[in-house]
Amino acid sequence: MSTRFLAIFALILACASAPARAQDVAAPFDADLQRLAEILGGLHYLRGICGANEGNKWRNEMQALIDAETPSGERRTRMIAGFNRGYNGFQQTYRSCTPAATVAIRRYIEEGSKISRDLTARYAN
């Protein structure tokens with residue numbers, strides 16, 4: 001009787017823990033999501049210094065990405081780190097809006113749009 005109970009308990013435990021482990025596994029598009037997060041961080045900083053008056057638009061886009069993807073553990077940490085890396089990288093380089101910053105904004109918007117389109121076309125249901 002106790003052997004059967006242990007077997008059932010082990011089966012329940014295995015089923016209950018399987019989804020949690022599956023969420024921590026890297027998705028095939030994680031590198032693209034991390035790059036997109038980095039772009040959003042860069043845009044959050046650059047658009048602010050270039051007077052776009054968008055407030056937290058790009059930070060909110062990052063939050064929407066996290067909410068949609070619902071990463072946990074290490075995946076979530078990597079996405080947030082990408083956003084911060086993008087923000088901090090430009091913060092260390094630019095103190096005011098320059099022509100180079102404007103070019104970077106345009107390129108980041110183009111690259112981010114392309115990543116979004118590609119991910120949607122490839123992985124959307």
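Being assigned to a helix (DSSP H, G or I), closer than 21 Å to Asp32 by Cβ, at pLDDT 95 or above and not polar (S, T, N, Q) holds for only one residue in Ala64, Ala104, Ala100, and it is Ala104.
Applying the set (1) touching a helix residue (DSSP H, G or I) at 6+ places or on another chain (Cβ under 7 Å); (2) modelled with pLDDT under 95; (3) among the β-branched types (Val, Ile, Thr) to Thr70 leaves exactly one unmet item: (1). Among the criteria (1) under 17 Å from Arg107 (Cβ atoms); (2) surrounded by 20 or more Cβ atoms within 10 Å (Cβ to Cβ); (3) not acidic (Asp, Glu), the one Arg35 does not fulfil is (2).
May I ask you to list the residues in region 50-61 that are under 19 Å from Glu111 (Cβ atoms) and either part of a helix (DSSP H, G or I) or modelled with pLDDT of 90 or more (or both)? Matches in region 50-61: Cys50, Glu54, Lys57, Trp58, Arg59, Glu61.
Sort out which residues of region 83-97 are out of contact with any helix residue (DSSP H, G or I) (no Cβ under 7 Å at 6 or more places or on another chain), more than 23 Å from Asp32 (Cα to Cα) and in contact (Cβ under 8 Å) with a residue 12 or more places away in the chain, and write them in order of number. Scanning region 83-97 gives a single hit, Arg95.
The values are calculated or read from the model by the stated rules, or taken from the named source; none is laboratory data. Keep in mind that what you see is a predicted model, and the values were worked out from it rather than measured. Note that each Cβ is placed from the backbone with ideal geometry, even for glycine, and that neighbours are counted across all protein chains shown.
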